[in-house]
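Contents: one structure, followed by commentary.
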Amino acid sequence: MGDKPIWEQMGSSFIQHYYQLFDNLRTQLGIIYIDASCLMWEGQQFQEKAAIMEKLSSLLLDTQHSITAQDHQPTPDSCIISMVVGQLKADEDSIMGSTRSSINIDDA
C-alpha cells in the first residue's frame, strides 16, 4: 500500500473502516459523520449527524458488503472522492450489486 498515492491509501482505509462498522457495529458510525454531513438513502436526504444516525440506527438489516473495486481521487479543497463497487448481502435476500460514492473530508 505504501507505493500508492496518499489519497488512495486514505480513501481505501476509510472505505474499509466504514463498511466494517456498517456491517458489524452500525451504531458506531457516528464517529465518521459530522454535523455538516449529508446522506442520500433510497431517494431520501438526511442532513446533519443526528438525522443520519437516526436513519442508520433504524435499519434492522443484517448486512455483509464485499468490495470488488474502489477508486479514490483528490479534490482541490483537500477532500477525497471515493467510488466503491461491490456486492451486498442483506438478511436472507439474494446477493445484489452495490455502488456508492462519497466525499471524505479531513476535518482535522
State whether the residues of region 11-30 include one that is open to solvent by less than 70 Å² (accessible area, probe 1.4 Å), in contact (Cβ under 8 Å) with a residue 24 or more places away in the chain, at positive phi and of a type in the set (Asp, Glu).
no
Looking at residue 78, is it among the hydroxyl-bearing types (Ser, Thr, Tyr) and either surrounded by 15 or more Cβ atoms within 10 Å (Cβ to Cβ) or touching a helix residue (DSSP H, G or I) at 6+ places or on another chain (Cβ under 9 Å) (or both)?
no
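Here is a yes/no grid of residues against (1) modelled with pLDDT of 95 or more; (2) among the acidic types (Asp, Glu):
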position: 54; (1), (2): yes, yes
position: 65; (1), (2): no, no
position: 80; (1), (2): no, no
position: 85; (1), (2): yes, no
position: 88; (1), (2): no, no
position: 92; (1), (2): no, yes
position: 101; (1), (2): no, no
position: 105; (1), (2): no, no
Is one or more of the residues making up region 37-44 surrounded by 11 or more Cβ atoms within 10 Å (Cβ to Cβ), free of Cβ contacts under 8 Å to residues at least 60 places away in the same chain and hydroxyl-bearing (Ser, Thr, Tyr)?
yes
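For residues in region 81-108 being under 16 Å from residue 38 (Cβ atoms) and charged (D, E, K, R), which is least open to solvent (accessible area, probe 1.4 Å)?
It comes out as 100.
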Residue list for region 52-70, filter: touching a residue at least 40 places away in the same chain (Cβ under 8 Å) and of a type outside the set (A, V, I, L, M):
63, 64, 65, 70
Is one or more of the residues making up region 50-70 within 17 Å of residue 104 (Cα to Cα) and open to solvent by 80 Å² or more (accessible area, probe 1.4 Å)?
no
Qualifying positions in region 1-24 - under 13 Å from the mean Cα position of the chain (by Cα), over 13 Å from residue 103 (Cβ atoms) and among the hydrophobic types (A, V, I, L, M, F, W, C):
21, 22
Does region 28-85 hold any residues that are in a helix (DSSP H, G or I), hydrophobic (A, V, I, L, M, F, W, C) and under 15 Å from the mean Cα position of the chain (by Cα), and which are they?
29, 31, 52, 53, 56
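The values are calculated or read from the model by the stated rules, or taken from the named source; none is laboratory data. These figures come from a predicted structure and were not determined experimentally. When we count neighbours, we look across all protein chains shown, and the Cβ atoms used for this are built from the backbone with ideal geometry, even at glycine. Just the protein is used for accessible areas: all its heavy atoms, side chains included, with ligands, DNA and RNA removed. Shrake-Rupley method; radii C 1.70, N 1.55, O 1.52, S 1.80 Å.
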